[in-house]
1. Which is at pLDDT 90 or above and among the hydroxyl-bearing types (Ser, Thr, Tyr), of 129, 150, 143, 166?
2. Filter the stretch 210-238 down to the residues that are free of Cβ contacts under 8 Å to residues at least 12 places away in the same chain and of a type in the set (A, V, I, L, M, F, W, C) and list them by number.
3. Hey, among the residues in the stretch 27-52 that are of a type in the set (Val, Ile, Thr) and in contact with a strand residue (DSSP E or B) (Cβ under 7 Å, 6 or more places away or on another chain), which one's nearest to residue 212 (Cα to Cα)?
4. Is there a residue being in contact with a helix residue (DSSP H, G or I) (Cβ under 6 Å, 6 or more places away or on another chain) and more than 30 Å from residue 172 (Cβ to Cβ) anywhere in the stretch 70-84?
5. What helices (runs of 4 or more DSSP H) completely inside the stretch 144-203 contain at least 1 residues that are hydroxyl-bearing (Ser, Thr, Tyr)?
6. Conditions first: (1) surrounded by fewer than 15 Cβ atoms within 10 Å (Cβ to Cβ); (2) under 18 Å from residue 191 (Cα atoms); (3) of a type outside the set (A, V, I, L, M). Residue 105 passes all but one, so which condition is the exception?
7. Pairs please, first residue from the stretch 192-209 and in contact (Cβ under 8 Å) with a residue 24 or more places away in the chain and within 27 Å of residue 19 (Cα to Cα), second anywhere and in a loop (DSSP other than H, G, I, E, B) and charged (D, E, K, R), Cβ atoms under 8 Å, 6+ apart in sequence or on different chains.
Amino acid sequence: MSGDWSNVTIDFTDHDESSSLFDPNYTYSNDKYSCIRGFFFAHIVCNYFIFLSGIGCFVTRVAPQRFKWLHSWFGRIYILSMLWSTVTSTLITNTGLPLATIISFGAVMGGLTVGWIAIIIHKQKMERSAITLVHEKLLQQSSKGIDNESDLNQMLQDAKVEVAESKTFKERFFSLKTLHGTLFFVSWMQITGRIFASNQSGDFTCHTYPVYKPINTAEGDYDNGNLTLVPTNDPDWDRLPWSNGVVAWSMQIILGSLFGALAVGAIWSWRAARVAERKKEAMGPADRRQTDALTTHVPNDTETSVHTPEGDFVDEEKDAANVVETSAPPSSSDSSSSTS
């Protein structure tokens, strides 16, 4: 804009001592919060969870096999902490973000997103390869008239080891698993650097307050030679869907979606049960007895499923010949009870 702005004044309309304009602990304008001091400390805690869980991920990749099961759990903590860090950051806004930080955050979220998808696809490919290998072995045994009494779950685990051991250096390095580790490290480094470069003295304050730009926009004409502070209360409050009660409106949305989902789930479950019942009625007596046995039988401790447990871990880089049962190690109380 052109013109002489040397005599610009500030319009304090709608602001008195009760306004957040004079309070360093929060910023509230137009019936919206943009800064709450307490959220700064919550944000710091979330970032430390990101930092420490990332270290946990790296350590469990080189730790003894009995700790490998912790790797995926540290990864889940990393992702959840990142979500909560993002939420808390929205309420500690003073002057915005520098371009360098925005670029860094792009690396944080980009690395997390692509790296997470990469490891999911990698696990699916490993599962398919192992199942194919087990299937081929079973066909070979069947063609030779050999009765297979092997534990199918163990066969699947052994097949995963075999698939992992068959990979060359090139296949290991140029892989989705390597992509996963590399991108997650890049993501983690951006947060780690900011933690130790940021002021953590605890003297954070909400020290800015929004002002309308001296231009004409759809929100209003403020090209009047003055700088107008955004009012504490929204002058068009009545147009908002929650104007009759913020809490009541929020609970309507939350509870409405909750009970709506339960209703749809109940209808869908009833329909699926009816379809299954009709299929069962259409079966012959022998097929029906077999279906009943499958649906009512509960495996005992000596029986196993063909599917690998979620936590089973195959280390392709170190000790690939070992497959880790990744359930948590028994506690001392469990050990003592089993030996007593």
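The values are calculated or read from the model by the stated rules, or taken from the named source; none is laboratory data. Since we're looking at a predicted model, the values are computed, not measured. Using ideal geometry, Cβ is built from the backbone for each residue, glycine included, and neighbour counts are taken over all protein chains shown.
1. That would be 129, the only listed residue that is at pLDDT 90 or above and among the hydroxyl-bearing types (Ser, Thr, Tyr).
2. If the condition is that a residue be free of Cβ contacts under 8 Å to residues at least 12 places away in the same chain and of a type in the set (A, V, I, L, M, F, W, C), then 218 is the only one that fits.
3. Here the answer is 27.
4. yes
5. Numbers: elements: 152-165, 169-173, 176-197.
Once the helices (runs of 4 or more DSSP H) in the stretch 144-203 are filtered for at least 1 residues that are hydroxyl-bearing (Ser, Thr, Tyr), what remains is 176-197.
6. It fails just one condition, (1).
7. From the stretch 192-209, the pairs are 206/23.
Residues checked against (1) surrounded by 10 or more Cβ atoms within 10 Å (Cβ to Cβ); (2) among the hydrophobic types (A, V, I, L, M, F, W, C); (3) modelled with pLDDT of 95 or more:
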position: 266; (1), (2), (3): yes, yes, yes
position: 279; (1), (2), (3): yes, no, no
position: 282; (1), (2), (3): no, yes, no
position: 286; (1), (2), (3): no, yes, no
position: 291; (1), (2), (3): yes, no, no
position: 299; (1), (2), (3): no, no, no
